[in-house]
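Student: If you scroll down you'll find the structure; I have some questions about it.
The values are calculated or read from the model by the stated rules, or taken from the named source; none is laboratory data. Keep in mind that what you see is a predicted model, and the values were worked out from it rather than measured. Virtual Cβ from ideal backbone geometry, glycine too; neighbours counted across all protein chains shown.
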Amino acid sequence: MLAKAPRGTRDILPGEVEEWSTLETFFRNLCKNYNYREIRTPIFEHTELFSRSVGEDTDIVGKEMYTFLDKGKRSLTLRPEGTASTVRAFLEHKMYAQAQPTKLFYFGPMFRYDRPQAGRYRQFHQLGAEAFGSASPEIDAEIICLAMDFFQSAGLNQLSLEINSVGCPQCRPGYREEIRKILEKNRRDLCPDCQSRFETNPLRILDCKIEGCREVTLQVPEILDHLCSYCVQHFEDVINFLKLLEISYQVNPKLVRGLDYYTNTAFEIVDTGLGSQNSLGGGGRYDGLVETCGGSATPGVGFAIGLERVLLSLEQQSSQLEYTEESRIFVATLGPSASARGLQLVTELRRNGIAAEKDYQDRSLKAQMKQADRVGAAKVLILGEEELEKGKIVLRDMEKGDQREVELEEILQILKNDL
Ligand SMILES: [Zn+2]
Ligand SMILES: [Zn+2]
């Protein structure tokens with residue numbers, strides 16, 4: 001028990017971390033080019049922030065949140081997603097008073113009490129971007145383009161961008177009633193979740209994955225035929241900008257996403273090579289969210305991508321992220337005074353920007369050479385008591401397999417010249 005991480009969590013070990021930080025770097029660089037700036041929000045927030053913004057009737061708020069009372073009896077929740085916190089920060093720091101749009105990105109752990117399975121964890125990681133203050137469909141296209149560029153840089157192909165419009169507060173209520181009217185007679189064929197969705201948010205019945213529900217929803221007309229003229233125009237514009245940017249897409253009229261706050265654009269990026277857990281990320285427009293969180297009406301659009309899913313996808317298509325291992329110097333020493341001088345030497349190298357390691361266990365020279373191999377040392381410096389007395393050190397090139405004796409005093413300069 002003590003030596004096991006809680007269910008649904010996992011350690012990201014050395015060897016994996018390099019992949020994580022590589023993906024993070026790809027995203028960071030893209031965001032810089034797109035002029036999105038990083039924000040880091042707290043891991044926990046007031047529970048109300050999520051229940052209000054994500055929506056009381058969603059699975060996230062209803063079933064999946066890690067909510068607790070702190071010692072001051074405040075109800076707090078580990079963030080289940082990143083958008084609500086970003087909106088809260090946008091309001092708290094009056095970013096709306098700056099020139100708009102405000103473009104932000106984030107990266108970090110999120111928490112949902114969900115059934116763990118391949119690529120799905122209770123502590124999982126998302127990177128995301130949000131743009132506030134512009135209702136322009138150009139920004140919808142930009143945010144989609146940023147997400148797609150990220151997948152591109154990670155080397156993921158076999159992706160499909162699915163897009164839909166979920167309408168606005170003008171046209172959605174009518175469509176909701178339409179769904180209720182049509183599904184009324186089939187109510188009892190719906191799964192228990194959808195029976196309650198029938199009351200609270202019938203739109204969500206459309207993306208239920210359960211066979212019985214899917215069959216029943218076949219008779220529901222597409223939302224795209226029920227949009228108001230503003231929403232029709234917005235959707236058309238987004239599609240045209242995607243064409244302009246040469247981003248291929250698939251209109252999926254059943255796509256509604258699990259969160260209540262979306263308006264107009266909703267999109268999802270799925271890996272067609274993966275099984276049922278095939279969504280790598282998604283997002284959409286949320287023009288009512290800032291207002292819901294206590295601000296004045298401010299349009300917004302964003303996305304989030306699940307890092308665990310991305311890594312699962314990479315694994316499935318057996319593609320490796322390319323990252324360069326730092327070359328390293330290993331200092332092998334024999335005898336206590338050489339070891340002490342060796343400690344001084346690795347420190348000097350490290351302070352000069354050269355990655356260096358030594359032995360701390362008084363191992364034999366043979367064992368130290370093995371260790372040098374394990375840490376991936378391109379060069380080994382060998383320092384015995386004899387060399388130390390002469391002021392020399394042996395420089396061995398592990399790839400070429402040759403070695404030469406050089407002045408101990410000059411070794412830093414020699415290595416620097418080499419790099
Ligand atoms: Zn509308
Ligand atoms: Zn259902």
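Student: Taking the condition of being without any contact (Cβ under 8 Å) to a residue 60 or more places away in the chain, within 12 Å of Phe132 (Cα to Cα) and not in a loop (DSSP other than H, G, I, E, B), how many residues in the range 90-108 meet it?
Tutor: 3
Student: Would you check if Ile182 is more than 8 Å from ligand 2 (Cβ to nearest atom) and outside the structural domain of Cys231 (by TED's automatic domain parsing)?
Tutor: On the way: more than 8 Å from ligand 2 (Cβ to nearest atom): yes; outside the structural domain of Cys231 (by TED's automatic domain parsing): yes.
So Ile182 fits the description; yes.
Student: Right, here's the next one. Inside the range 194-236, can you point out the residues that are assigned to a helix (DSSP H, G or I), within 16 Å of ligand 1 (Cβ to nearest atom) and either modelled with pLDDT under 95 or surrounded by 17 or more Cβ atoms within 10 Å (Cβ to Cβ) (or both)? Talk me through it step by step, then tell me what you get.
Tutor: Within the range 194-236, the first condition is being assigned to a helix (DSSP H, G or I), and the residues that meet it are 194-200, 202-207, 211-217, 223-226, 229-236.
Checking the rest, the ones that are also within 16 Å of ligand 1 (Cβ to nearest atom) come to 203, 223-226, 229-236.
Leu203, Ile223, Leu224, Asp225, His226, Cys231, His234, Phe235 - these are the residues of the range 194-236 that are assigned to a helix (DSSP H, G or I), within 16 Å of ligand 1 (Cβ to nearest atom) and either modelled with pLDDT under 95 or surrounded by 17 or more Cβ atoms within 10 Å (Cβ to Cβ) (or both).
Student: While we're on this one: When you scan the range 241-260, how many residues do you find that are in a helix (DSSP H, G or I) and within 22 Å of Gly281 (Cα to Cα)?
Tutor: Of the residues in the range 241-260, 3 are in a helix (DSSP H, G or I) and within 22 Å of Gly281 (Cα to Cα).
Student: Name the pairs: first residue in the range 161-180 and in a loop (DSSP other than H, G, I, E, B), second residue among the small types (Gly, Ala, Ser) and more than 12 Å from ligand 1 (Cβ to nearest atom), Cβ to Cβ under 8 Å, at least 6 apart or on different chains?
Tutor: Val166/Ala266; Val166/Gly284
Student: Here is a further query. Quick check on my filter: what residues within the range 1-38 are in contact with a strand residue (DSSP E or B) (Cβ under 7 Å, 6 or more places away or on another chain) and assigned to a helix (DSSP H, G or I)?
Tutor: Glu24, Phe27, Cys31
Student: Taking the criterion of being among the acidic types (Asp, Glu) and buried (at least 21 other Cβ atoms within 10 Å of the Cβ), would at least one residue in the range 159-176 satisfy it? Can you show your working first?
Tutor: The first filter runs over the range 159-176 and keeps only residues among the acidic types (Asp, Glu), leaving 162.
With buried (at least 21 other Cβ atoms within 10 Å of the Cβ) added as a condition, the list becomes none.
Checked against the condition, which is being among the acidic types (Asp, Glu) and buried (at least 21 other Cβ atoms within 10 Å of the Cβ), the range 159-176 yields no hits at all.
Student: Checking the conditions here, which among His93, His125 is of a type outside the set (A, V, I, L, M) and crowded, with 17+ Cβ neighbours inside 10 Å?
Tutor: Details: His93 fails: crowded, with 17+ Cβ neighbours inside 10 Å.
Step by step, each of His93, His125 is checked, and only His125 is of a type outside the set (A, V, I, L, M) and crowded, with 17+ Cβ neighbours inside 10 Å.
Student: Now for a different question. State which residue is modelled with the lowest pLDDT when the search covers only the range 237-271 and only residues that are within 16 Å of ligand 2 (Cβ to nearest atom) and of a type outside the set (Lys, Arg). Break it down stepwise before answering.
Tutor: Residues of the range 237-271 within 16 Å of ligand 2 (Cβ to nearest atom): 254-258.
Next cut, of a type outside the set (Lys, Arg) only: 255-256, 258.
Details: Leu255: 91, Val256: 84, Gly258: 64.
Checking each candidate, the answer is Gly258.
Student: With the condition kept exactly as written, say whether any residue in the range 63-74 is in contact (Cβ under 8 Å) with a residue 24 or more places away in the chain, assigned to a helix (DSSP H, G or I) and surrounded by fewer than 22 Cβ atoms within 10 Å (Cβ to Cβ). Step through it out loud before you land on a result.
Tutor: Initial filter on the range 63-74 (in contact (Cβ under 8 Å) with a residue 24 or more places away in the chain): 63-66, 74.
Remaining after also requiring assigned to a helix (DSSP H, G or I): 63-64.
Checking the rest, the ones that are also surrounded by fewer than 22 Cβ atoms within 10 Å (Cβ to Cβ) come to 63-64.
Yes, the range 63-74 has at least one match.
Student: Does the range 359-383 hold any residues that are surrounded by 17 or more Cβ atoms within 10 Å (Cβ to Cβ) and outside any strand (DSSP E or B), and which are they?
Tutor: Answer for the range 359-383, where residues must be surrounded by 17 or more Cβ atoms within 10 Å (Cβ to Cβ) and outside any strand (DSSP E or B): Asp359, Gln368, Met369, Gln371, Ala372.
Student: Being among the acidic types (Asp, Glu) and closer than 11 Å to Leu334 by Cα is the filter; apply it to the range 384-411 and report the residue that is surrounded by the most Cβ atoms within 10 Å (Cβ to Cβ). Reasoning before the result, please.
Tutor: First, pick out the residues of the range 384-411 that are among the acidic types (Asp, Glu): 385-387, 389, 397, 399, 402, 405, 407, 409-410.
From the residues that got through so far, the ones that are closer than 11 Å to Leu334 by Cα too are 385-387.
Details: Glu385: 14, Glu386: 11, Glu387: 20.
Restricting to residues being among the acidic types (Asp, Glu) and closer than 11 Å to Leu334 by Cα, the top hit is Glu387.
Student: Hey, among Arg28, Arg120, Arg52, Arg112, which residue is within 19 Å of Ile305 (Cβ to Cβ) and modelled with pLDDT under 95? Walk me through how you get there before you give the answer.
Tutor: On the way: Arg28 fails: modelled with pLDDT under 95; Arg52 fails: within 19 Å of Ile305 (Cβ to Cβ); Arg112 fails: modelled with pLDDT under 95.
Selected residue: Arg120, the only one of Arg28, Arg120, Arg52, Arg112 that is within 19 Å of Ile305 (Cβ to Cβ) and modelled with pLDDT under 95.
Student: Another question, then. Tally time: how many residues in the range 390-419 are within 20 Å of Gly353 (Cβ to Cβ) and assigned to a helix (DSSP H, G or I)?
Tutor: Number satisfying all stated conditions: 11.
Student: On to the next question. Which numbered condition in (1) surrounded by fewer than 12 Cβ atoms within 10 Å (Cβ to Cβ); (2) touching a Cys at 6+ places or on another chain (Cβ under 7 Å) is the only one that Ala99 fails?
Tutor: (2)
Student: Within the range 325-343, identify whether any single residue is in contact (Cβ under 8 Å) with a residue 24 or more places away in the chain, loosely packed, with under 15 Cβ neighbours inside 10 Å and part of a helix (DSSP H, G or I), and answer yes or no. Explain how you work it out, then say what you get.
Tutor: Within the range 325-343, the subset in contact (Cβ under 8 Å) with a residue 24 or more places away in the chain is 325-335, 337-338, 341-342.
Then keep just the ones that are loosely packed, with under 15 Cβ neighbours inside 10 Å; that gives 325-327, 337.
Subsequent filtering for residues that are part of a helix (DSSP H, G or I) retains 337.
Among the residues of the range 325-343, at least one is in contact (Cβ under 8 Å) with a residue 24 or more places away in the chain, loosely packed, with under 15 Cβ neighbours inside 10 Å and part of a helix (DSSP H, G or I), which makes the answer yes.
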